[in-house]
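Before any comments, here is the structure.
Derivation of every value follows stated rules applied to the coordinates shown; laboratory data play no part. Keep in mind it's a predicted model, so treat the numbers as computed, not measured. Cβ: placed from backbone, ideal geometry, glycine included. Neighbour counts: every protein chain shown.
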Amino acid sequence: MSARAVVTGIGVVAPSGVGVDAHWATVASGTRRTGPITLFDPTPYPTRVAGEVPDFAAPTWAENRRLVQTDRWTHLGFAATRLALDDAGLPERAPDPYGYAVTLASSSGGNLFGQRELQRLWGGPSRTVGAYQSIAWFYAASVGQLSIHHQFKGPSGVLVSESAGGLDSLAHAVRTVRRGTPVVIAGATECPLSPYALACQLASGLLSGEADPARAYRPFDADAAGYVPAEGGAVFVVEEMGHALARGARIYGEVTGWGATHDAAHTGPDSAGDPAQYARAVRLALDRAAVAPGDVDVVLPDALGVPRYDRAEADALRAVFGSRPVPVTTQKPLTGRAHQGGSALDVATALLAFAHDTLPASAGPDRPADGCELDFLRSPRRPDSRVALVCARGFDGFNSALVLRGAAARPAPRPRRATVPGPTEGTDE
Amino acid sequence: MTARRTVVTGVGVVAPGGVTRDRFWKTITEGRTATRRITFFDPSPFRSRIAAECDFDPVAAGLTEAERRRADRYVQFALACSIEALADSGLELTDAQRDRAGVVLGTAVGGTMALEQEYVTVSDSGRHWLVDHARGGPYLYQALVPSSLAADVACRHGLHGPAQVVSTGCTSGIDAIGYAHQLIADDEADVVLAGAADSPISPVTVASFDAIKATSPDNDDPAHASRPFDADRHGFVLAEGAAVLVLEEYGHARRRGAHVYCELAGYASRSNGYHMTGLRPDGLEMALAISAALKQARLAPEQVSYVSAHGSGTRQNDRHETAAFKRALGEAARRVPVSSIKSMVGHSLGAIGSIEMAACALAVEYGVVPPTANWATRDPECDLDYVPNVARELPVDVALSVGSGFGGFQSAMLFRRLPPAAVAA
C-alpha cells in the first residue's frame, strides 16, 4: 500500500489549446478562449457561448477507421492520450500491456454521435441506427478504444461523478498503482456541445445566459451569472514512482491526497451545495497527504460561477484555512467548464505551474461578490511549498479534492524511451 | 494495519420475474424465464422484439412522490434495491457513520430511456437537429449525467461518504462492487451501498443491438429465447433490472452482530485490448482476471463451488467463456457447476453483474445453485456442467462470478462463506 504515484505525462486538449505548451501560454497570458458556439448554430438557445477546442483536427490523432466509430469526445481523448504518452516518453503501444491501465471520467458520453443516431432512428424512414451506435454513445467508449489501441490491458475503469470525476479518476489511478499496476492513464475529456446536450444542460439552471463572451463566466464576481460549458480536458500518465525513476522519466509531481464526500442533497434553485461536506472533502485530502492547511501553496477551486455556489465554496475554503488566507487561482473563465474534463484540466494547470515555477494569476473576479473575498492571486508568483489543492463539485452533491506535490522546476531531460521493468501479468493487492 | 475485509450484509434486487430479493430468488431457483415480447413500445419495426421487463411498482417499493417524479426508471430501481438492502442489513447509521458510508453504483447506459423519450419531444420526432429546449422536462440534466444514480441513492439515505458511478459497459455491475470494496479495503469508507441498475429497453438500445445482430431474433418463442451455452443459441435477450448490496467492513459488521451473507474475497479486471465487441476464442484476459481474483482470495481453483457465468447466449461469448474457465480453473472447470441466470432474467447490461453477485450471495446463503434454463442441446465447444434447467442443492462455500463487456473489459469476483465462528459477534 505504500507505493507512491507520480504524474509523468500530461496531454491537454482544451479550448486553451492542444498540448501543454499551448495550454500554458493561454494560462500564463490570461487569454480567454471562449466564444460563440460554432459546432452548431446556437441562435435558438439562451446560452450561445462555449469553450471549443480551436482547430481540432481529429485525423491527426487517429486513423479514419477509429474516427468513424467514435464521437468527438472520444476523438479528444485519442489526442489527449497520445500527447500524454508522448510527454511521458512512453511508446504508443504499451510494452507491458498488463502493467498499463486506463481509468477516465466521463459525465455524458458521445453526445454528437448519439444525437445523429437518434435523429436517424426517429426522423429517418428505416427505424434503424448505424452499426457503431452501440459502441460510440456509451460512457465506456473512450476507455475501450484507448485500451485496444494502446494495449492497456490492466484493470481499467470509467467513472461518472459529474464535474468532480476528473479528480476521482486520478485518485483511482493511485489506488490502482498501489495494487500493482505501474502505469495508469487517468483524467477526462468531454464534449457536451451538441444541440441536445446543450438543451439538457440548460435544464440544470446553472448555465450563463450572458451573450458577451467576456462577461459570460465570472466565478466569485459580483456579476457572476452561471457557467459557460466547454469541451476538452486533460489526460495524465500516472506512474509508480520507482517505475518512473527507473526509466529516467520527468516527474511533474506526486498525487499525495484525495478526498470525496457527498452532500446527500440535490442541486436546485434553493440549494447551494453543503460547505460542511465540501470542507470535509478538502480535509480528507489534506490529511491523507499529511499537509497542514498552512502549507498549501495554491488552491484551484471549482468556480461554478453561480453566486450561491460561489459563496458556499468561499465559506468552505474559509472553514478549512481559517484566518490565514490561502492563495486561490482559477483559469476556468478562460476555457469554460468542461465538466469532468474541466477538473482534470485544473490538475494540468497546477502541475504545469510547478514545472514553470510560476503560479498563474487568477482570471478574475474583477469585483468579488459579497462573501467571496478570497485571496485571489492578482499577479503570478513563484511557488513556495509546491503543494496545490484542486477542488471540484459535481451536480447533485459531489465534492472532490486532490492534493498534488509539485516536483522542483528543472529543465526536462529527454526521457529514455521505454526501458521498462520486466513484464507482469498484473497484480491486484 | 491489518487488512480490512469486506462482507455483504444486505441484498436488494429488482429483476424481471421477481421484484424483491425473495421473489428474484424464487424465480431463478424454479428455473422460470421472464423473457417476453416487449410491452413498453411497439417493437414490430425491430429485428429483436423480445426482452425481460420488470413489473415494477415504485409506490410498493417505497419511493416518495418526489423520487417517482424526478428519477428515471433505472434510478428508481436502484432506490428500491437500496431501501430493501439497507432494511435487510439492519443498519441504522449514526451521523458519524453516515460520513463513512458511500454509494458506488454501476450503469452501462444510464438515463438512455428518459433521454430518448425527451429527445422525441424536443426534436419533434427527429425532425429538428436544433432541438427545442423549451419543450424538455425539468429533469433533463439528470438524464444526461448518470451520476444522478449515485446522487439520488445518497440523498435518499443521507450518506455523506464517497459517491461514484462506475460505467464500464456490461462489467459495470461487478466493477462498481469492486470499486466499493477497494474503498472499504483502503479505509475510505466503512459501509458502501454497491450495485448497479439499467433500464435500456427503449427503441434506440434495441436498434443499436439489432444493428450488430447481438440480440436474439427468436421472436416467436420469447420464453425460450435466452439460451446460454446451448448449441442453438442466437444472441442475448435485452433486460432491465438492478441489485444493491450493503458492503460493510468486517469488524464493523461483526461489532453490531450483523447477519453476514459472505465475504467479498477477491476482485480483478483485465481488458482484452482486442476489439470493442469481438472476443478472442482463447478467453485469455477473462482467465487472467479469474486467476488474479483467486490469488487475492488465496483460494485454489478446486475450492470454487459455483461459477455464475456471464453466459449471455451469444455464439462467441459462451465459447470464449468456456475457454476462460478451462484456462483459469484447469481440471476443476470440468467438475464445478456453471450456470447463467441470463437464461431467465435476460441481460440487463451494466446491472446484470450486480444481479449475478446478488444471486451468488443468495447461493452461499441457501446452499442452492440456480440453473441455466432453456438448455437442450450440447455444443461441442461448451462442454462444462451448466446445471441444465433444474436448480441444484449443494453447499456453496465459494462462488465465482464473471462479466465480459463491450470495450473488451473482463472482470471476476469471488464471494466466500465465512465460517460460523467468524460471524458471531
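Ranked by how many other Cβ atoms sit within 10 Å of their own Cβ, fewest first, the residues A:Tyr278, B:Tyr386 fall in the order B:Tyr386, A:Tyr278. Counting only Cβ charges, +1 for Lys and Arg and -1 for Asp and Glu, the dipole size of the range B:266-423 around its Cα centre is about 240 debye. Based on DSSP H segments of at least four residues, each scored -39500 (n - 2.57), chain A has a per-residue ellipticity at 222 nm of -9500 deg cm²/dmol. For chain A, the membrane-span-like helix rule (DSSP H, alpha carbon extent of at least 18 Å along the helix axis, mean Kyte-Doolittle at least -1.0) picks out A:72-87, A:165-178, A:275-289, A:307-321, A:340-355; this says nothing about an actual membrane. Between the residues B:Gly12, A:Leu359, B:Val260, the greatest Cα displacement towards the positive end of the dipole of the protein assembly as shown, with unit charges on the Cβ of Lys, Arg, Asp and Glu, is found for A:Leu359.
Put simply, when B:132-145, A:8-21, A:217-230 are sorted by average Cβ atoms within 10 angstrom per residue, most first, you get A:8-21, A:217-230, B:132-145. Over the protein assembly as shown, the Kirkwood radius and the radius of gyration, each from Cα atoms, give a ratio Rg/Rh of 0.95. Taking a straight line from the alpha carbon of B:Lys213, these lysines sit under 21 Å away, with near neighbours fewer than eight places off in the same chain left out: B:Lys342.
With viscosity 0.692 mPa s and temperature 37 °C, the Kirkwood radius over alpha carbon pairs of chain B converts through Stokes-Einstein to a diffusion coefficient of 156 µm²/s. The label-point distance for B:Glu331 and A:Asn64, in a model that sets each label 7 Å from Cα toward Cβ, rounds to 5.6 nm. Note on B:Asp152, B:Asp210: ascending count of other Cβ atoms within 10 Å places them as B:Asp210, B:Asp152, the fewest first.
Distances longer than 11 Å among the Cα atoms of the range A:118-158: what percent of all pairs is that? The answer is 69 percent, as a whole percent.
Just the number, please: percent antiparallel of the DSSP beta bridges in the protein assembly as shown, rounded to the nearest 5. Antiparallel bridges make up about 70 percent of those DSSP assigns within the protein assembly as shown. Placing a pseudo-label 7 Å from each Cα along the Cα-to-Cβ vector at A:Asp287 and A:Glu92 gives an inter-label distance of 4.7 nm. Under the combined filter of DSSP loop state and at most 14 neighbouring Cβ atoms within 10 Å, the range A:76-155 retains these trypsin sites (Lys or Arg not before Pro): A:Arg93. Ranked by the mean number of other Cβ atoms within 10 Å per residue, highest first, peptides B:212-220, B:17-25, A:344-352 order as A:344-352, B:17-25, B:212-220.
Rounded to the nearest whole Hz, the Karplus-based 3J(HN,Hα) values (6.51 cos²θ - 1.76 cosθ + 1.60, θ = phi - 60°) of the range A:217-231 follow the sequence 10, 10, x, 6, 8, 4, 9, 4, 9, x, 10, 9, x, 8, 10, with x at glycine and proline.
Protection proxy ranking, highest mean first, for peptides B:221-231, A:68-78: A:68-78, B:221-231, where packing is the per-residue count of other beta-carbon atoms within 10 Å, averaged. Toward the positive end of the charge dipole of the protein assembly as shown, with +1 on the Cβ of Lys and Arg and -1 on the Cβ of Asp and Glu, the farthest Cα among A:Val237, B:His133, B:Thr277 is that of A:Val237. Per-residue mean of foreign Cβ neighbours for A:140-151 is 6 (Cβ atoms of other chains, 10 Å radius). With charges set only on the Cβ (+1 for Lys and Arg, -1 for Asp and Glu), what does the dipole of the range B:212-251 come to about its Cα centre, in debye to the nearest 20? Magnitude of the dipole: close to 180 debye. Per residue of B:128-138, other chain Cβ atoms within 10 Å of the residue Cβ number 6 on average.
Placing dummy labels 7 Å off each Cα toward the beta-carbon, the span from A:Asp295 to B:Ala3 is 3.1 nm. Going by neighbour counts of Cβ atoms within 10 Å, the residues A:Phe56, B:Phe415 line up, fewest first, as A:Phe56, B:Phe415. For the range B:6-255, a simple Cβ point-charge model (Lys and Arg +1, Asp and Glu -1, everything else neutral) yields a dipole of about 380 debye relative to the Cα centre. The simple Förster model, with R0 at 25 Å and r as the Cβ-Cβ distance, assigns B:Ser125 and B:Thr39 a FRET efficiency of 0.70.
Determine the percent antiparallel among the DSSP beta bridges restricted to chain A, to the nearest 5. Here the share of antiparallel DSSP bridges comes out near 70 percent. Every pair of different Cα atoms in chain A enters the Kirkwood calculation, which places the hydrodynamic radius at 21.2 Å. Between A:Asp270 and A:Arg381, residue separation times 0.36 nm minus the direct Cα-Cα distance comes to 36.1 nm.
Report for the range B:6-255 the percent antiparallel among DSSP-assigned beta bridges with both residues inside it, nearest 5. Approximately 65 percent, going by the DSSP bridge assignments.
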